Amino acid sequence: MTPWRPRLGILLSGRGSNFEAIAANVLAGKLACDIGFVFSNKPDAAGLSRARQLGLPCGALPSAGVERALFDSQVTQLLKDNGVDLVCLAGYMRLLSGGFVTQFPQRILNIHPSLLPAFPGLDAQYQALMHGVKVTGCTVHLVDENLDSGPILLQSAVPVLDGDTLETLSSRILKEEHKLYSEAIAWLAKGNFRIQGRRVLKT
Ligand code: GAR
């Protein structure tokens, strides 16, 4: 069987450090993928400028005021036109419509800075600090129509230290995010897993 070499569509809304970590692994030949398209719903996203500097195919469509299903169908078209077959949400701060999700069945990943299902939504690191947990972390999961939901592929635990501020905790988690996302993509590409209910199991 020919191994699957995914053509990634990376969707981001801001800084884009997860995108950069993935791109660094792809460009160094450590991750057997190609980057088909980098997309942002924010034309001024820093991650998009970085994609341009790296000479990667990229583009933006502003989402403000556009109806979700219409916007998502335009994004889907852009991704399909660029041959994308694995979508990676990397700080893409939008909920995907059902129409988008069905276009890429089990082929959309998201990274979230907590051990889901704890602390979904915005400001997960702040939520963890305020709750007083001693361990938090990050999660890579398959995406469905709900927020930070969908079967979990990989998680990495990160301790919360007594002296932590939002900044120190976020940066400790982010370091793990940068490793975990590429690991999850590599695992998905190998295809040695099966999904049983919500559980993603090694085969
Ligand atoms: C990351 O911490 C990512 O886990 C989070 O946004 C940040 C994006 O950073 N995503 C979510 O909270 C999704 N619910 P980046 O732009 O530097 O990759």
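The values are calculated or read from the model by the stated rules, or taken from the named source; none is laboratory data. It should be emphasised that the depicted structure is a prediction, and the values quoted were computed from it without experimental measurement. Cβ: placed from backbone, ideal geometry, glycine included. Neighbour counts: every protein chain shown. Quick note on the areas: whole protein, heavy atoms, side chains included, nothing else; ligands and nucleic acids left out. Shrake-Rupley method; radii C 1.70, N 1.55, O 1.52, S 1.80 Å.
Considering only the range 107-119, how many residues are open to solvent by 20 Å² or more (accessible area, probe 1.4 Å) and either of a type in the set (Phe, Trp, Tyr) or within 14 Å of residue 145 (Cα to Cα) (or both)?
Of the range 107-119, the ones open to solvent by 20 Å² or more (accessible area, probe 1.4 Å) are 107, 113, 115, 117-119.
Okay, now just the ones that are also either of a type in the set (Phe, Trp, Tyr) or within 14 Å of residue 145 (Cα to Cα) (or both), so 107, 119.
Residues in the range 107-119 being open to solvent by 20 Å² or more (accessible area, probe 1.4 Å) and either of a type in the set (Phe, Trp, Tyr) or within 14 Å of residue 145 (Cα to Cα) (or both): 2 in total.
Only residues that are more than 13 Å from the ligand (Cβ to nearest atom) and either of a type in the set (Lys, Arg) or assigned to a loop (DSSP other than H, G, I, E, B) (or both): list them for the range 1-24, please.
Selection gives 1, 2, 3, 4, 5, 6, 7.
Each row is one residue, and each column tells you yes or no for (1) of a type outside the set (Gly, Ala, Ser); (2) over 13 Å from the mean Cα position of the chain (by Cα); (3) surrounded by 21 or more Cβ atoms within 10 Å (Cβ to Cβ).
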position	(1), (2), (3)
105	yes, yes, no
121	no, yes, no
125	yes, yes, yes
131	yes, yes, no
134	yes, yes, no
144	yes, no, no
149	no, no, no
159	yes, yes, no
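Looking only at residues in the range 28-74 that are touching a Pro at 6+ places or on another chain (Cβ under 7 Å) and more than 22 Å from residue 86 (Cβ to Cβ), which one is modelled with the highest pLDDT?
43
Kindly indicate whether residue 65 is under 16 Å from residue 36 (Cα atoms) and either more than 17 Å from the chain's Cα centre (by Cα) or without any contact (Cβ under 8 Å) to a residue 24 or more places away in the chain (or both).
no
Mind checking which pairs have a first residue in the range 40-53 that is closer than 11 Å to residue 11 by Cα and among the basic types (Lys, Arg) and a second that is open to solvent by 70 Å² or more (accessible area, probe 1.4 Å) and away from the ligand (no atom under 11 Å from the Cβ), Cβ under 8 Å, 6 or more apart or different chains?
Between residues of the range 40-53 that are closer than 11 Å to residue 11 by Cα and among the basic types (Lys, Arg) and residues that are open to solvent by 70 Å² or more (accessible area, probe 1.4 Å) and away from the ligand (no atom under 11 Å from the Cβ), the close pairs are 42/62.
One residue is enough: does the range 99-122 have a residue meeting the conditions more than 30 Å from residue 71 (Cβ to Cβ) and among the basic types (Lys, Arg)?
Within the range 99-122, not a single residue is more than 30 Å from residue 71 (Cβ to Cβ) and among the basic types (Lys, Arg).
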